[in-house]
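J.: Quick one: the structure is below, and I'll ask about it shortly.
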């Protein structure tokens, strides 16, 4: 195998590994934020806030008949 080709392959593998690690770090950060938000929600005693978080689409509209 050619030395230059081997160097290119190793460089590409290094870049792929760095990209994979970057994506994993982003996913871990997102999961940590979601965990913190869930923990904060679990400590909240406000029932309305818990219901709004569980079903955010409810209660946003009011039907009126005139």
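J.: Pairs needed: first member in the range 32-52, without any contact (Cβ under 8 Å) to a residue 40 or more places away in the chain; second member anywhere, in a helix (DSSP H, G or I) and exposed (fewer than 10 other Cβ atoms within 10 Å of the Cβ); C-beta distance under 9 Å; at least 6 residues apart or different chains.
T.: Hits for this filter: 50/42.
J.: So, one more: Based on this model, can you work out whether residue 53 counts as in contact with a helix residue (DSSP H, G or I) (Cβ under 8 Å, 6 or more places away or on another chain) and assigned to a helix (DSSP H, G or I)?
T.: Yes.
Computed from the coordinates by the stated procedures, all read-outs in this text should not be read as laboratory data. This structure is a prediction, so every number in the text was calculated from the model and none was measured. Ideal geometry is used to build each Cβ from the backbone, glycine not excepted, and the neighbour counts take in all protein chains shown.
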